[in-house]
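Only one structure is covered here, and it is reproduced in the block below.
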Amino acid sequence: MKKLMTIAVSLMLGAALMTGCGAAKKAPAETAPVTVHVAALKGPTAMGMVDFMDKSDRGELTDATYQFEIAAAADEVTPKLIQGQVDIAAVPANLASVLYHNTDAGVQVLAVNTLGVIYIVESGDTVSSVNDLKGKTIYASGKGATPEYALNYILEQNGIDPEKDLTIEWKSEHAECLSALMAQENAVAMLPQPFVTTAQTKSDKIRVALDLTEEWDRIGSDSALLTGVVVARKEFAEQHPAAVTAFLEHYEDSVAYVNENVEDAAALIEAYDIVPAAVAVKAVPKCNIVFITGEEMKQKLSGYLKVLSEQNPKAIGGALPADDFYYGS
């Protein structure tokens, strides 16, 4: 999930980017099979789709023709979504809001598919709580994007001033954070999955100190730390509601399969060139791959976007999206 959280927002046709589903079951079939163009990012958002992709490739699904693509970064997906070359896409949660604003409400979120995947790791054993980060230097990537906003929110809610009580040294790549971790004893870094697992395969000194998703939940707000969502072009969703319903059903089944059959799913994850199976089998249980729709989706996502908006409105496209952003509302 290379650079999943490090994509910055830009404005040219939309955004330049920074990551379940549910709808009424068994909608009536469309009169003719629809071709559904689907895109996902190389990381947890694509991991949850591998069973879906495999069944489609093997010809088991006949309700529609699904064409999948896996992109390395969100800025490969955004122009295609805006131009109508992609109908449904798994994208970073804040990017969905940016796209909504930059397409005149032309994008709707179908489901949350990935909760937080950010962790505080260290090459030592000095951090066991957020308060232990006081006075530390944290190596991190993702300045100006969700990683920075999430970390700042968690620090501030724990009474820690990100500007005064610790040092955050921003790097452009996750690999730079890893190099700093391995070069210093008791070094601390903020990394996403599956990069955390990849890092641990390179050094047995690296341990997970804090799960930022758990720390966010501990704060007790109505929001949740989110990474990815699935969005659809509003025009496509309105023209092909049965296709959207079928997609959501297949995707829900795929997420359940991946979480319940980790070893078999890891083999598929490697087959689709997302990450090696040896990494996937360890990373999947920590990637928080989910399928959340309806009111729960709206509650968690709207709360998350509100937190980001309070720190930097540009991170969500300038304002909170209206109710029509949430599919089915």
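The values are calculated or read from the model by the stated rules, or taken from the named source; none is laboratory data. Here the structure is a predicted model, which means the values were calculated and not measured. A quick note on method: Cβ atoms are made from the backbone with ideal geometry, for glycine too, and the neighbour counts reach across all protein chains shown. Heads up: the accessible areas ignore ligands, DNA and RNA and are worked out on the full protein's heavy atoms, side chains in. Shrake-Rupley method; radii C 1.70, N 1.55, O 1.52, S 1.80 Å.
Out of D125, D104, D132, I need the residue that is within 30 Å of D324 (Cβ to Cβ) and acidic (D, E). Which one?
None of the other options fit; the residue is D104.
Which of the residues that make up the stretch 295-329 are open to solvent by less than 40 Å² (accessible area, probe 1.4 Å) and on the phi > 0 side of the Ramachandran plot?
Answer for the stretch 295-329, where residues must be open to solvent by less than 40 Å² (accessible area, probe 1.4 Å) and on the phi > 0 side of the Ramachandran plot: just G317.
Taking the options V98, V117, V127, name whichever one is within 27 Å of I292 (Cβ to Cβ), out of contact with any Pro (no Cβ under 6 Å at 6 or more places or on another chain) and of a type outside the set (K, R).
One residue alone meets the criteria, V98.
Suppose we filter the stretch 35-74 for residues that are of a type in the set (S, T, Y), assigned to a helix (DSSP H, G or I) and over 18 Å from the mean Cα position of the chain (by Cα); how many remain?
Here the count works out to 1.
Out of (1) open to solvent by 60 Å² or more (accessible area, probe 1.4 Å); (2) within 21 Å of K314 (Cβ to Cβ); (3) modelled with pLDDT of 50 or more; (4) not small (G, A, S), what's the single condition that is false for M12?
Result: M12 fails condition (3) only.
So L181 fits all but one of (1) more than 30 Å from P79 (Cα to Cα); (2) touching a Gly at 6+ places or on another chain (Cβ under 9 Å); (3) of a type in the set (A, V, I, L, M); what number is the exception?
For L181, the failing item is (2).
Being outside any helix (DSSP H, G or I) and either of a type in the set (S, T, N, Q) or open to solvent by 20 Å² or more (accessible area, probe 1.4 Å) (or both) is the filter here, so list the residues in the stretch 75-103 that pass it.
Residues satisfying the conditions are Q83, G84, Q85, T103.
Would you point out which residue out of D204, D217 is among the charged types (D, E, K, R), on the phi < 0 side of the Ramachandran plot and under 20 Å from the mean Cα position of the chain (by Cα)?
D217
Give me the residue from the stretch 166-186 that is within 16 Å of T126 (Cβ to Cβ) and in contact with a strand residue (DSSP E or B) (Cβ under 6 Å, 6 or more places away or on another chain) and, out of that set, modelled with the highest pLDDT.
T167
Listed residues A27, A32; which is aliphatic (A, V, I, L, M), modelled with pLDDT of 50 or more and in a loop (DSSP other than H, G, I, E, B)?
Selected residue: A32, the only one of A27, A32 that is aliphatic (A, V, I, L, M), modelled with pLDDT of 50 or more and in a loop (DSSP other than H, G, I, E, B).
Filter the stretch 104-137 down to the residues that are open to solvent by 20 Å² or more (accessible area, probe 1.4 Å), out of contact with any Lys or Arg (no Cβ under 9 Å at 6 or more places or on another chain), over 18 Å from A315 (Cα atoms) and not in a helix (DSSP H, G or I) and list them by number.
Result: S128, S129, K134, G135, K136, T137.
Being small (G, A, S), touching a helix residue (DSSP H, G or I) at 6+ places or on another chain (Cβ under 8 Å), crowded, with 23+ Cβ neighbours inside 10 Å and at pLDDT below 95 is true for just one of A266, A278, A283. Which residue is that?
On inspection, the qualifying residue turns out to be A283.
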